[in-house]
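Student: The structure that follows is given in the form of structure tokens.
The values are calculated or read from the model by the stated rules, or taken from the named source; none is laboratory data. Note that the structure is predicted; figures quoted are calculated from it, not measured. Note that each Cβ is placed from the backbone with ideal geometry, even for glycine, and that neighbours are counted across all protein chains shown. Each accessible area value is taken on the protein alone, full model and side chains, heavy atoms only, with ligands, DNA and RNA left out. Shrake-Rupley method; radii C 1.70, N 1.55, O 1.52, S 1.80 Å.
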Amino acid sequence: MSSKVAVVTGGNKGIGLAIVRALCEQFRGDVYLTARNEGRGQEAVAALSDGGLKVNFHQLDLDDVASIAAAADFFKHKYGGVDVLVNNAGIAFKVADTTPFGVQADVTLRTNYFGTRDVLTHFLPLVKAGGRVVNVSSAVGVHSLKMCSPPLRERFRSDDITEDELTALMRRFVELARQGQHKQEGWPEMAYGVSKIGVTTLSMIHARRLSKERPGDQILVNACCPGWVRTDMAGPKAPKTPEEGAVTPVFLALLPAGATEPHGKFVSDKTVQAW
Ligand code: NDP
């Protein structure tokens, strides 16, 4: 139970894989690549191992709460908790996708917001003193926040929004999108963006909660944007390599012992951004 452990979701490809690789090189402890699909995860582990890196695998699907609970249980018993958690996994419909907006909203929020939240519900209590939690959000969330009605924007920016209120707002968006009523109620036509508003706001809520409930533990929780990165999600025209996209998430995951900030912030290019 003595070694430190870092866990990355959606680690089999793209930015997640680059984060795993960087942690294998820089984190002093065991690194777990997790993936929803065992075969794809093991293939990525084999490729990293062939490159001389030591990495472990655990299955974890954001859409399957039993798999999240099983993974959390594994880390609790093998390591007594986790030291670094990078919530990287996420999905996005392509711009040209003709799936009805209500379905896109439902599917996108199910993974990006509700799935990420389920992971945090199970893992946050396991984060050890000095731990680091990094939630990979997006600058699209900041843009989408600006497109929300002033009352909605005010709630997402407020210091007193609770996880329950945020979750109710995310549910409300999906419901309204299903009915084609979201724009009338002040929401933007951006399912992915709203899901990332949720991820960033949730990070801020959790940071405030940890500061209050575990003040001595110096756990740092942040949301970040990796930049526009060439992956299956963003396509070949994006300027950054996955390794470049991993820089800010890894910077936040490896904030040195004793650091007190950033905490509860939205960070890109290793710099705190306005929310
Ligand atoms: P990719 O599509 O390349 O990779 C996404 C990863 O998430 C894959 O490993 C995928 O697994 C995994 N994933 C998807 N759904 C689930 C699930 N239900 N459970 C577990 N894993 C899942 O995307 P990127 O690497 O580009 O994106 C990584 C993160 O960065 C995302 O959160 C994204 O929103 C964010 N981001 C990306 C930007 C970019 O320009 N690329 C810009 C801003 C933010 P599988 O292979 O099984 O599908």
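Student: Can you report the number of residues in the range 117-146 which are under 26 Å from Ala70 (Cβ atoms), assigned to a helix (DSSP H, G or I) and open to solvent by 10 Å² or more (accessible area, probe 1.4 Å)?
Tutor: Adding up the residues that qualify gives 7.
Student: Can you say whether Asp159 is away from the ligand (no atom under 11 Å from the Cβ), open to solvent by 10 Å² or more (accessible area, probe 1.4 Å) and on the phi < 0 side of the Ramachandran plot, as far as the supplied structure shows?
Tutor: Yes; evaluated as a whole, the condition is true for this residue.
Student: Sticking with this structure for a sec: Just to be sure I understand the filter: pairs with C-beta atoms under 6 Å, separated by 6 or more residues or on different chains, first member in the range 89-111 and within 15 Å of Leu176 (Cα to Cα), second member at pLDDT 95 or above and away from the ligand (no atom under 13 Å from the Cβ). Which pairs pass?
Tutor: Final answer for the pair search is Phe101/Ala177; Gly102/Ala177; Gly102/Arg178; Ala105/Val174; Ala105/Ala177; Asp106/Val174; Leu109/Met170; Leu109/Val174.
Student: Do we find that Leu17 is farther than 30 Å from Leu176 by Cβ, within 16 Å of the chain's Cα centre (by Cα) and free of Cβ contacts under 8 Å to residues at least 40 places away in the same chain in this structure?
Tutor: Criteria not met by Leu17.
Student: Could you list, in sequence order, all residues of the range 50-104 that are open to solvent by 20 Å² or more (accessible area, probe 1.4 Å) and among the acidic types (Asp, Glu)?
Tutor: Once the filter is applied, which keeps residues that are open to solvent by 20 Å² or more (accessible area, probe 1.4 Å) and among the acidic types (Asp, Glu), the range 50-104 yields Asp50, Asp61, Asp63, Asp64, Asp73, Asp97.
Student: How many residues, within the range 219-240, are surrounded by fewer than 17 Cβ atoms within 10 Å (Cβ to Cβ) and within 20 Å of Arg132 (Cα to Cα)?
Tutor: 0
Student: Restrict the check to the range 61-81 and report whether at least one residue is within 26 Å of Glu244 (Cβ to Cβ) and more than 13 Å from the ligand (Cβ to nearest atom).
Tutor: no
Student: Also, quick follow-up: Listed residues Val142, Val199; which is touching a helix residue (DSSP H, G or I) at 6+ places or on another chain (Cβ under 6 Å), at pLDDT 95 or above and not aromatic (Phe, Trp, Tyr)?
Tutor: Every option except Val199 fails the conditions.
Student: Next question, about the same structure. Across the range 1-41, which residue is farthest from the ligand (Cβ to nearest atom) among those that are more than 22 Å from Leu255 (Cα to Cα) and open to solvent by 70 Å² or more (accessible area, probe 1.4 Å)?
Tutor: Met1
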